[in-house]
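Any read-out appearing in this document is the output of simple, stated calculations on the displayed coordinates, not a laboratory observation. Note that the structure is predicted; figures quoted are calculated from it, not measured. Because the Cβ atoms are built from the backbone with ideal geometry, glycine has one as well, and the counts that use them run over all protein chains shown.
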Amino acid sequence: MPLSNSSIPTAKCLYCACFVRPILEFSSVVWSPYFKTDINKIESVQKRFTKDCLPKLNYNERLSMLGLQTLESRRIMSDLTTCHKILNNNIDTDLQSFFSFSHNTHTRGNSKKLAVCRSVNIRHANLFHHRVVN
């Protein structure tokens, strides 16, 4: 059943701040789905919420109207934010245990260029330190 126009902001607030999205995004840096079926299952929760709010629009239009992003893009932003914090010592961790640095001096840039490591299997390729560099 579609929500009334007056209750959409309240529903969005409850969805984003309290009940649903924090649970879907909990520890997304540690565990991020890499199979398309898992990504679609998680995204389907937000699709259902947006459809209850604005039933006549497609998913991208509903996201735009509600001022939301896809959960997949939010996971990517969370990964990149955490990577930035690690590289700038805002998170107390051993930098060498997460990343290996590139020694390529032939290109422009800074001293914190990350090297792409070779992965053994798909599970290893989707660990945080590989996922962020790629």
Worksheet item: In whole percent, what relative contact order does the chain give with Cα contacts below 8 Å and a gap of six or more residues?
Response: 23 percent
Worksheet entry | With Cα atoms, 0 to 90° folded angle of helix 71-87 axis to the chain main axis | 30 degrees
Worksheet item: Say a site is exposed when it is one of the trypsin sites (Lys or Arg not before Pro), sits in a DSSP loop, and has at most 16 other Cβ atoms within 10 Å; what is then the longest site-free stretch of the chain?
Response: 1-55
Discussion item. Quick check: from the Cα gyration tensor, does region 8-70 come out rounded (a/c under 1.5), prolate or oblate?
Written reply: oblate
Discussion item. Tell me whether region 77-133 comes out rounded, prolate or oblate; compute the Cα gyration tensor, take square roots of the eigenvalues as a ≥ b ≥ c, and use a/c under 1.5 as the rounded threshold.
Written reply: oblate
Fill in: Rounded, prolate or oblate (a/c below 1.5 giving rounded, otherwise prolate when a/b exceeds b/c) for the chain by Cα gyration tensor
prolate
Discussion item. For the chain, take the longest principal axis of its alpha carbons; what is the angle in degrees between that and the long axis of helix 36-53, to the nearest 10 within 0 to 90?
Written reply: 30 degrees
